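Trainee: Please find one structure pasted underneath; my questions will follow.
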Amino acid sequence: MNLNDKIYIAGHRGLVGSAFLRQLESRGFTNLILRTSKDLDLTNQVQVQNFFKQEKPNYVILAAAKVGGIHANNTYPADFIYQNMMIEANVISSAYVNKVRRLLFLGSTCIYPKSIEQPMNEDALLTGLLEPTNEPYALAKIAGIKLCESYNRQYDTDFRSVMPTNLYGINDNFHPENSHVIPALMQRIHKAKINKDPEVVVWGTGNAMREFLYVDDMAAASLFVLELDEKTYKNNTQSMLSHINVGTGKDVTIREMAETMKQVVGYEGKLTFDPSKPDGAPRKLIDITRLKRMGWVYTSDLKDGLKKTYEWYLSVN
């Protein structure tokens with residue numbers, strides 16, 4: 001990409017989109033197209049079509065999505081599948097119609113079956129049943145991958161998909177009920193520290209294993225994939241009909257993550273785990289062989305990433 005290329009970041013104020021914005025701005029890109037949800041409703045086909053017709057971006061980063069943790073997915077399944085599928089269909093279709101040079105679709109590793117060999121490689125897609133707690137969201141993300149693949153097959157577009165592992169970092173959602181595990185736990189442990197509470201209860205047994213990636217590393221990796229020349233990309237993915245996992249290739253138990261969080265926050269109380277609450281999938285670790293073969297590795301380990309996130313959290317609260 002050239003510094004004067006027109007780049008549309010869909011969802012630039014969220015956890016993922018804001019990381020792309022930081023990365024691109026730090027590299028000197030200035031021709032960035034940004035719209036809030038109030039300015040542009042991505043679930044509205046006419047609005048999206050008019051926007052693309054007017055702006056004619058060269059590149060599109062599709063980071064806009066309705067996201068949330070286990071509680072949110074269980075409570076709002078219709079919202080998760082409908083809103084995400086509408087966003088994907090509208091943006092990807094308009095990108096094709098308006099001859100966008102290259103599009104990057106951001107998915108999630110929840111696309112992989114619940115009972116699958118670990119670590120999960122890209123070929124595991126659609127080989128088994130999904131985790132029930134976030135199935136609607138996962139189905140929407142699978143649809144996004146297949147939309148990109150289908151446009152590439154039929155119209156020879158260059159639409160690429162990356163599947164990041166569990167993300168956290170600056171601009172995360174810290175809602176007490178609808179957030180993912182790291183921001184939810186960080187907020188609760190911080191409040192317990194301030195209030196001098198003797199105990200913090202953590203959902204689940206603590207034995208479930210998760211891979212976590214600091215969001216700025218995700219953005220750097222994704223832009224690396226987006227900027228690969230077409231020949232290199234095809235050689236590493238076998239075709240334009242595949243997606244790429246983005247992660248660290250390392251996982252920890254929720255208990256280990258929580259203990260690390262406790263150290264970062266400086267909380268001196270006790271962590272108690274509630275086995276009556278759901279763990280979700282017992283383990284989620286992705287195979288990042290394809291990404292490593294291309295030449296990219298992450299830079300922030302879990303403790304460093306949590307420190308950066310907590311410093312930001314303190315600065316805005």
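Trainee: Just to be sure before I move on: is Asn245 more than 19 Å from the chain's Cα centre (by Cα), of a type in the set (S, T, N, Q) and more than 30 Å from Glu199 (Cα to Cα) in the structure I sent?
Mentor: It is false that Asn245 is more than 19 Å from the chain's Cα centre (by Cα), of a type in the set (S, T, N, Q) and more than 30 Å from Glu199 (Cα to Cα).
Trainee: Being over 30 Å from Tyr151 (Cα atoms) and of a type in the set (A, V, I, L, M) narrows it down to one of Leu226, Leu306, Leu285, so name that one.
Mentor: That would be Leu306, the only listed residue that is over 30 Å from Tyr151 (Cα atoms) and of a type in the set (A, V, I, L, M).
Trainee: Going residue by residue through segment 237-251, is there one that turns out to be farther than 20 Å from Ala124 by Cβ and either among the charged types (D, E, K, R) or touching a Phe, Trp or Tyr at 6+ places or on another chain (Cβ under 8 Å) (or both)?
Mentor: For segment 237-251, residues farther than 20 Å from Ala124 by Cβ and either among the charged types (D, E, K, R) or touching a Phe, Trp or Tyr at 6+ places or on another chain (Cβ under 8 Å) (or both): absent.
Trainee: Condition first: touching a Leu at 6+ places or on another chain (Cβ under 8 Å) and charged (D, E, K, R). Now tell me which residues in segment 256-293 satisfy that.
Mentor: Result: Glu259, Lys262.
Trainee: Quick one: which of Asn173, Asn134 is touching a Ser or Thr at 6+ places or on another chain (Cβ under 6 Å) and farther than 16 Å from Gly249 by Cα?
Mentor: Just a single option satisfies the conditions, and that option is Asn173.
Trainee: Same structure again: Mind listing whichever residues of segment 250-301 are crowded, with 17+ Cβ neighbours inside 10 Å and at positive phi?
Mentor: Correct list: Gly280 only.
Trainee: Here's another thing I want to ask about it. Within segment 14-51, count every residue that is part of a loop (DSSP other than H, G, I, E, B), of a type outside the set (A, V, I, L, M, F, W, C) and over 21 Å from Ala140 (Cα atoms).
Mentor: Count: 8.
Trainee: Taking segment 142-179 on its own, how many of its residues are touching a strand residue (DSSP E or B) at 6+ places or on another chain (Cβ under 7 Å) and aliphatic (A, V, I, L, M)?
Mentor: Of the residues in that region, 4 qualify.
Trainee: Could I ask something else about it? Name the residue, out of Asn90, Asn152, Asn84, that is in a helix (DSSP H, G or I) and free of Cβ contacts under 8 Å to residues at least 60 places away in the same chain.
Mentor: Asn90
Values in this text are rule-based calculations from the coordinates and carry no lab data. Owing to the predicted nature of the structure, the values given are computational and were not obtained by experimental measurement. Every residue, glycine among them, receives a Cβ derived from its backbone with ideal geometry; neighbour counts consider all protein chains shown.
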